[in-house]
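As structure tokens, the structure follows; a few thoughts come after it.
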Amino acid sequence: MYKFAIVLLSAVLFAIVLARPAEEEAAARAAVTTTTTPATILKQVDVTNPDGSYNNSYETSNGIKVENAGYLKKIVVPKQESTDGQVIEEHEELVLVQTGLYSYSDPEGNIITLRYVADENGFQPQGDHLPVPPA
């Protein structure tokens, strides 16, 4: 019984010793102050139409720019077979198509711009900063 108590006490003390540096590191991170100036919104547009389409954008005082537009599009889903072997006939579905961009300045002062389309083919980003797949 005494051996079990000693092993248990040793394990608890060992866990406390291991956890202590993480607590000190977290406290040090919390003490770090940031010099970031809060941004203000300079321009904002938010339009939602009765047909479900929308357009929104904003620009901030620190150079961030965001634009986003969306609409519903009918697509034809071809005849297919489900995982349990049932045949699903060709039919129409509505999908949300979103297009947009966002841009900001990186720490070196370069403007980073990402344009995108998200539709039935997935998310398709474009930007000079993105890696290019090998040909």
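Candidates are the residues of region 111-135 that are among the small types (Gly, Ala, Ser) and surrounded by 10 or more Cβ atoms within 10 Å (Cβ to Cβ); the one that is nearest to the chain's Cα centre (by Cα) is Ala118. Mind checking whether some residue in region 76-85 is basic (Lys, Arg), within 28 Å of Pro125 (Cα to Cα) and modelled with pLDDT under 95? No, every residue in region 76-85 fails to be basic (Lys, Arg), within 28 Å of Pro125 (Cα to Cα) and modelled with pLDDT under 95. The residue pairs whose first member lies in region 120-135 and is without any contact (Cβ under 8 Å) to a residue 60 or more places away in the chain and farther than 20 Å from Tyr102 by Cβ, whose second member is surrounded by 10 or more Cβ atoms within 10 Å (Cβ to Cβ) and not β-branched (Val, Ile, Thr), and whose beta carbons are closer than 9 Å, counting only pairs six or more residues apart or on different chains, are Glu120/Lys73; Glu120/Glu93.
The values are calculated or read from the model by the stated rules, or taken from the named source; none is laboratory data. The model shown is predicted, which means the values in this text are computed figures rather than measured ones. Cβ coordinates were reconstructed from backbone atoms using ideal geometry, including for glycine residues, and neighbour counts include every protein chain displayed.
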